[in-house]
Structure formats: structure tokens, C-alpha cells
Amino acid sequence: MALKIDPWTFPDPQTTAKTGDGLQKIVLGGGCFWCTEAVYRQLDGVLDVRPGYAGGTAATADYKTVCTGATDHVEVIEVSYDAGRIDLGQILKIFFSIAHDPTQKDRQGNDVGRQYRSAIFYADDDQRQVAEAYIRQIDGAALFEDKVQTEVVPLVEFFEAEEYHHDFAARNPMQGYIRAVSTPKVEKLKAVHGKLLKGRLAS
């Protein structure tokens with residue numbers, strides 16, 4: 001990730017969500033959903049994380065078809081969180097600074113294709129405003145060497161991924177891709193944001 005500042009000093013969003021406490025959901029695309037799911041499952045206040053697909057139609061919402069890169073789908077996660085314990089700003093801060101590289105277009109590292117593009121699928125205008133303002137803030141401060149490529153688009157429908165993708169990293173910790181891509185992100189999260197973790201136990 002071409003981050004120009006220390007991750008410990010990555011700023012919070014200046015624009016905050018207007019929604020109050022209680023259950024909130026947001027859908028995020030940041031490369032392979034195995035990795036983004038693994039990151040968000042660590043956070044206190046995150047109640048559930050479901051991998052899936054968004055941006056395309058029901059007819060193409062399956063792993064084999066999405067992996068062709070010929071659909072409009074993105075591999076995404078649906079993050080359900082208690083806004084009284086973790087707010088949208090912290091969800092997005094992790095998204096931009098830890099979970100993926102938002103400056104890469106239609107790829108994440110060696111994973112290449114539209115299905116790996118960076119995207120925020122917002123549920124309401126409040127989420128849209130916070131996301132767009134944060135991107136302007138990040139680009140304005142030149143926190144990365146390149147401009148943020150993240151799409152901010154309305155969520156039409158979330159399609160849950162096949163069962164074997166759920167909690168994949170936790171169930172397959174020795175798998176090569178997980179060790180090379182997912183585990184370093186989780187370890188970075190623990191090092192930088194120990195206070196946000198379930199149980200507050202950083203390693």
C-alpha cells in the first residue's frame with residue numbers, strides 16, 4: 001500500500017454519521033472477501049460479517065461467474081455493527097488504512113479484475129456523505145502516493161456468498177493465500193488498533 005504516513009496517524013473522518021446508536025449495516029468491496037472479512041471480524045462492535053457480491057444481477061451472483069471478471073459484481077462484505085460501540089467513521093478508517101489499498105483500480109495486488117475494485121455500497125444518504133467527504137479529506141491531505149479509486153455507489157442488492165466462503169480465513173489459517181495476504185492485514189490491525197479489538201487484546 002502506497003501510504004505516505006505512518007498508519008498510527010491515519011486521521012479519523014472529519015464528517016461523522018448522523019445516525020444514532022443501534023444496528024447499522026454497510027457493504028464494502030476491497031479485494032478478496034476472505035481478507036476483508038477476516039479484518040472486520042476482529043473489531044469490537046461488529047456483530048456480523050457476511051461475504052457476498054454486489055453491483056450486478058442475481059443471475060451472475062455466484063463465485064465461478066464473478067471470478068471471470070465479466071460481471072458488474074464486486075466481492076464484498078456486509079458489515080453489521082452496533083453504532084453505539086463502533087461508528088461508521090471507524091469502519092471506514094479501517095477500510096482505507098488497513099483492509100485494502102484504495103488507490104488500486106480494478107485490482108488488489110495480484111488479484112486483477114473488476115470484481116476486486118474498491119467500492120462502498122451505501123445504504124442511505126448519510127453513509128454516502130460520510131464516505132464521499134472522507135475520500136475528499138484523504139485525497140486533499142495526500143495521504144497516499146496516488147488518488148483514491150474507491151467507487152461510492154448505492155446498494156441495490158447484496159447477494160450472500162456460498163457457505164464455504166464464510167469465515168474462510170479463520171477456518172483455513174495455513175492456506176497459502178491466507179498466510180500471504182489476509183494474516184498480515186489482521187496483524188497490522190492488531191498492532192495499530194488494539195483498542196478497537198474484541199476483548200481489547202492486541203498481539
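The values are calculated or read from the model by the stated rules, or taken from the named source; none is laboratory data. None of the values given here were measured: they were computed from a predicted structure. Cβ placement follows ideal geometry from the backbone for every residue including glycine, while neighbour counts extend to all protein chains displayed.
Residues in region 51-94 that are among the aromatic types (F, W, Y) and either in contact (Cβ under 8 Å) with a residue 60 or more places away in the chain or surrounded by fewer than 16 Cβ atoms within 10 Å (Cβ to Cβ) (or both): Y53, Y63. Taking only region 17-38 into account, find how many residues are under 18 Å from D82 (Cα atoms), at pLDDT 95 or above and out of contact with any Ser or Thr (no Cβ under 8 Å at 6 or more places or on another chain). Matching residues across region 17-38 total 3. If only residues of region 150-182 that are without any contact (Cβ under 8 Å) to a residue 40 or more places away in the chain and of a type in the set (S, T, N, Q) are counted, the one that is farthest from D106 (Cα to Cα) is N172.
Here's the yes/no breakdown for (1) closer than 30 Å to P11 by Cβ; (2) of a type in the set (A, V, I, L, M):
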site	(1), (2)
E157	no, no
A161	no, yes
H165	no, no
P173	no, no
A180	yes, yes
K188	yes, no
H193	yes, no
L196	yes, yes
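Looking only at region 76-93, filter to residues that are touching a Leu at 6+ places or on another chain (Cβ under 7 Å) and of a type in the set (A, V, I, L, M); which one of those is nearest to Y116 (Cα to Cα)?
The initial filter retains those residues of region 76-93 that are touching a Leu at 6+ places or on another chain (Cβ under 7 Å), namely 76-77, 79-82, 86, 90.
Filter once more, so that each one left must be of a type in the set (A, V, I, L, M): 76-77, 79, 86.
On the way: V76: 9, I77: 12, V79: 17, I86: 26 Å.
It comes out as V76.
What are the residues in region 80-91 that are within 18 Å of D48 (Cβ to Cβ) and not charged (D, E, K, R), if any? Scanning region 80-91 gives S80, Y81, A83, G84, I86, L88, Q90, I91. Inspection of region 129-140 finds no residue satisfying the criterion of being of a type outside the set (A, V, I, L, M), under 14 Å from T36 (Cα atoms) and surrounded by 13 or more Cβ atoms within 10 Å (Cβ to Cβ).
In a residue-by-residue description of region 6-16, the property of being outside any loop (DSSP other than H, G, I, E, B), loosely packed, with under 14 Cβ neighbours inside 10 Å and touching a Ser or Thr at 6+ places or on another chain (Cβ under 9 Å) applies to no position. Against the numbered list (1) in a helix (DSSP H, G or I); (2) touching a residue at least 60 places away in the same chain (Cβ under 8 Å); (3) over 17 Å from the mean Cα position of the chain (by Cα); (4) closer than 24 Å to C67 by Cβ, Q137 comes up short only at (4). Every condition in (1) in contact (Cβ under 8 Å) with a residue 40 or more places away in the chain; (2) in a strand (DSSP E or B) is met by D48 except one, and the failing one is (1).
Being touching an Asp or Glu at 6+ places or on another chain (Cβ under 8 Å), over 22 Å from T16 (Cβ atoms), part of a helix (DSSP H, G or I) and of a type in the set (G, A, S) narrows it down to one of A191, A169, so name that one. Before the answer, list the steps.
On the way: A191 fails: touching an Asp or Glu at 6+ places or on another chain (Cβ under 8 Å).
Just a single option satisfies the conditions, and that option is A169.
Note on region 55-105: residues that are within 10 Å of the chain's Cα centre (by Cα) and of a type in the set (A, V, I, L, M, F, W, C) amount to 10.
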